[in-house]
Amino acid sequence: MAKTSKTNPNLQRVVQGLRDVSREAGSAIWRDVADRLERSRKNWSEVNLSRLSRYATKGEQVVVPGVILGTGEISTPVTVAAFRASGAARKKIEAAGGKAVSLLELAVQNPKGSGIRIMG
């Protein structure tokens, strides 16, 4: 594995954990998310709740390799995993009946990555 240029220890832990899950489960989706997180932060995805509500269906699992922002409203219950989510976004997702989890939590729950949509 190439050495990461990121200095945030939490980000390094998440990237390494995603690569481990990808290797153990033989799933390319988690390796792709790890690659996207290793990019420059200006190229990270920033997804607003309005986009999430527009494209996500009820009960779907959505991965955002970047940041979830609280602009807009969401009414469908979805499970959203991102590296970081604003406090307002977390509250609105949970108020709609969904869950906001970390990337590693979702990777451990669904190591094969089946039924997951990458948004951003």
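Throughout, read-outs are computed from the coordinates displayed, never taken from laboratory work. Note that this is a predicted model, so its numbers are computed, not measured. Cβ atoms come from the backbone with ideal geometry, glycine included; neighbour counts cover every protein chain shown.
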Specify which labelled value, from (i) 1.01; (ii) 1.14; (iii) 0.93, agrees with Cα Rg over 2.2 N^0.38 Å derived from the coordinates of the model shown.
-> (i)
With +1 at each Lys and Arg Cβ and -1 at each Asp and Glu Cβ, the charge dipole magnitude of the chain around its Cα centre, to the nearest 20 debye, comes out at 260
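With the contact rule set at Cα under 8 Å and sequence spacing of 6 or more, what percent relative contact order holds for the chain?
This gives 25 percent for the chain.
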Relative to the Cα centre, what is the charge dipole magnitude of segment 54-120, using +1 at the beta carbon of each Lys and Arg, -1 at the beta carbon of each Asp and Glu, and rounding to the nearest 20 debye?
-> 40
